[in-house]
Amino acid sequence: MALSDAGVQKQIKHMMAFIEQEANEKVEEIDAKAEEEFNIEKGRVVQTHRLKIMEYFEKKEKQIEQLKKIQMSNLKNQAKLRVLKARDDMITDLLNEARERLAEIAKDPDRYPALLEGLVLQGFYRLLEPKVTIRCRQQDVEMVQAAVDKVVPVYKEAVKKNIDVRIDKERFLSSEICGGIDVYNDNGKIKVSNTLESRLHLIAQQMMPEIRATLFGANPNRKFLD
């Protein structure tokens, strides 16, 4: 039976409605899949950037930690240097005070001549030469001559040898030193320095471990005491 125009139109509308419904469902399916893929890709991108950010901050934290360690090490070293300088300054002050006391001894007419005798005799013993030359401060020439006259017999008796002593009256030790003498052999190539400063320096070197221990306590890093 042939369809009327109205029936044909109805069939067409029905087919169009069915096609449109399928199209809408397909669109929804495509949209849903696209949304899912978008969310997956977004999550992947976010995760990738999150990991990169975490790596960046971890790297920065390590750098900051390393800088902190370096700064702490520098601060400790600076503190140690300040302590060492303060200790050295204290020892320098101590030696300067000792030098000032030696200078006072050199001004004492009772103590200084006896000290000169000991320095002269020690110079003779250390050289053990038949001829020696003594240099001293210009203001000490008479006292040194008196010391020589007194100790030469002591030296001869002790070593059973003669000694010819000359006091250099052309070249003197600086008047700025505390006192004492230098003793030379005959050709001037060997010298025994027995100035008060040289004796102080020698004693300070020998006793420096004891001085430091007295002032600052025992060094825990020191293994040998001699």
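Read-outs: derived from the displayed coordinates by stated rules, not from any lab. For clarity, every value in this text was computed on a predicted model and none was experimentally measured. So basically every Cβ, Gly included, is an ideal-geometry build from the backbone, and we count neighbours across all protein chains shown.
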Cα convex hull of the range 109-153: how many Å³ per residue? 71 Å³
Can you give me the long-range amide H partners of ILE190? Hydrogens built in the peptide plane at 1.01 Å from N, cutoff under 5 Å, separation of 5 or more residues or another chain. ASN185
The answer for GLY179, listing residues at least 5 apart or on another chain whose modeled amide H is closer than 5 Å to its amide H, is LEU196, GLU197
Using only the alpha-carbon atoms, what does the chain span along each of its principal axes? Please give whole angstrom values in decreasing order. 168, 36, 34
Give me the angle, in degrees from 0 to 90, between the Cα long axis of helix 196-216 and the longest principal axis of the Cα atoms of the chain, rounded to the nearest 10. 40 degrees
Just subtract the alpha-carbon distance of VAL27 and ILE91 from 0.36 nm times their residue separation and send over the number in nm, one decimal. 13.7 nm
Set of lysines with alpha-carbon distance to LYS60 below 20 Å, sequence-local pairs under 8 removed: LYS52, LYS68, LYS69
Which whole-Hz ³J(HN,Hα) couplings does the range 171-178 yield from phi under the Karplus relation 6.51 cos²θ - 1.76 cosθ + 1.60, θ = phi - 60°, glycine and proline marked x? 10, 10, 6, 4, 6, 7, 6, 5
Filtered GluC sites (Glu not before Pro), the range 118-202: DSSP coil and at most 15 other beta carbons within 10 Å: GLU170, GLU176
Residue of MET16, MET208, MET90 that the Gaussian network model of the chain assigns the largest fluctuation, springs spanning Cα pairs under 10 Å: MET16
Cα centre as origin, Lys/Arg/Asp/Glu Cβ charges: the range 98-158 dipole, Debye: 220 debye
XL table LYS10/LYS33; LYS169/LYS191; LYS160/LYS191; Cα-Cα > 25 Å flagged, in table order, is LYS10/LYS33
log10 of Debye I(q)/I(0), alpha-carbon scatterers only, for the range 56-143 at 0.20, 0.24 Å⁻¹: -1.00, -1.15
Note: the range 92-190 at 20 °C, 1.002 mPa s; Kirkwood Rh on alpha carbon pairs; Stokes-Einstein D in µm²/s works out to 152 µm²/s
